[in-house]
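Notes to accompany the following structure.
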Amino acid sequence: MALILCLETTTTNCSVALSRDGNVIALKEDMGLNYSHAERLHQYIDAVLAEASLNKQDLDAVAVSKGPGSYTGLRIGVSSAKGLCFALDIPLIATNTLKALAMQADTTDVQTIIPVLDARRMEVYSAIFDAEFKELRGIEAQIIEEDSFQEQLTNGKCLFIGNGSEKLKDILNHTNAHFATEALPSAREMAHLAEAKYKISDTEDVAYFEPFYLKDFLVTKSKK
């Protein structure tokens, strides 16, 4: 029975979950508009352990959301995860931030799920999944335009989920485009992904692991 501490710090949501066998048994997060990771992350770690009447020595692994996202948020989350893994001599697991975000989606009548995180100006981080959360296109950094995601929109209902979808909502005019603009990555959805990786020993080198910053942006040209 794996007990995994999950840390999500890629956006303004400072989120910590404690999971047992992939099921969340304690969750603490701050869905505010400001970054609070430096002040609250370790408080939240202590809080979820206390809620479950456990301590750090009971942990089997620590999972961290690997990005992309806020540079500072990623550094804080990864540094904290590494410190715990070093101190406790337990494995470090890195989970896919955008896949975890996609897993918040209501997939009813949805053909495609597109998690989108805000970057800057008209830039976003995105990936594409089907309704069963199978990855159709990996993570990319892109500048959004009126013809962005036209192939997916033509094929059926698309749910754009994440704070970057607010930009898309203003520019995409298509009946198949639906938006969940207030969703942020949460440690809650990390639990299943972390457990799956733990079972196959898919872990990171604690000394050398670095977050996935993905700084380069691409302009997608229209195929018309």
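The values are calculated or read from the model by the stated rules, or taken from the named source; none is laboratory data. Note that the structure is predicted; figures quoted are calculated from it, not measured. Note that each Cβ is placed from the backbone with ideal geometry, even for glycine, and that neighbours are counted across all protein chains shown.
I'm told residue 112 meets every condition in (1) more than 17 Å from the chain's Cα centre (by Cα); (2) surrounded by fewer than 18 Cβ atoms within 10 Å (Cβ to Cβ); (3) touching a residue at least 12 places away in the same chain (Cβ under 8 Å); (4) under 26 Å from residue 151 (Cα atoms) except one. Can you identify the failing condition by its number?
Residue 112 satisfies all of (1) more than 17 Å from the chain's Cα centre (by Cα); (2) surrounded by fewer than 18 Cβ atoms within 10 Å (Cβ to Cβ); (3) touching a residue at least 12 places away in the same chain (Cβ under 8 Å); (4) under 26 Å from residue 151 (Cα atoms) except (2).
Can you report the number of residues in segment 133-148 which are at pLDDT below 95 and either in a loop (DSSP other than H, G, I, E, B) or assigned by TED's automatic domain parsing to the domain that holds residue 65 (or both)?
Qualifying residue count for the region: 5.
Would you check which residues across segment 84-117 are in contact with an Asp or Glu (Cβ under 8 Å, 6 or more places away or on another chain) and of a type in the set (A, V, I, L, M, F, W, C) and list them?
90, 92, 93, 94, 100, 101, 103, 113
So, of the residues in segment 122-164 that are closer than 26 Å to residue 12 by Cα and without any contact (Cβ under 8 Å) to a residue 12 or more places away in the chain, which turns out to be surrounded by the fewest Cβ atoms within 10 Å (Cβ to Cβ)?
138
Would a scan of segment 20-30 turn up a residue that is among the polar types (S, T, N, Q) and within 24 Å of residue 210 (Cα to Cα)?
Within segment 20-30 (the criterion being among the polar types (S, T, N, Q) and within 24 Å of residue 210 (Cα to Cα)), the answer is no, since none of the residues qualifies.
From the residues in segment 38-79 that are of a type in the set (Lys, Arg) and in contact (Cβ under 8 Å) with a residue 60 or more places away in the chain, which one is nearest to residue 139 (Cα to Cα)?
So, considering only residues that are of a type in the set (Lys, Arg) and in contact (Cβ under 8 Å) with a residue 60 or more places away in the chain, the one nearest to residue 139 (Cα to Cα) is 66.
Condition test on residue 173, is it surrounded by 20 or more Cβ atoms within 10 Å (Cβ to Cβ), among the polar types (S, T, N, Q) and either at pLDDT below 95 or assigned to a loop (DSSP other than H, G, I, E, B) (or both)?
Against the criterion (surrounded by 20 or more Cβ atoms within 10 Å (Cβ to Cβ), among the polar types (S, T, N, Q) and either at pLDDT below 95 or assigned to a loop (DSSP other than H, G, I, E, B) (or both)), residue 173 does not qualify.
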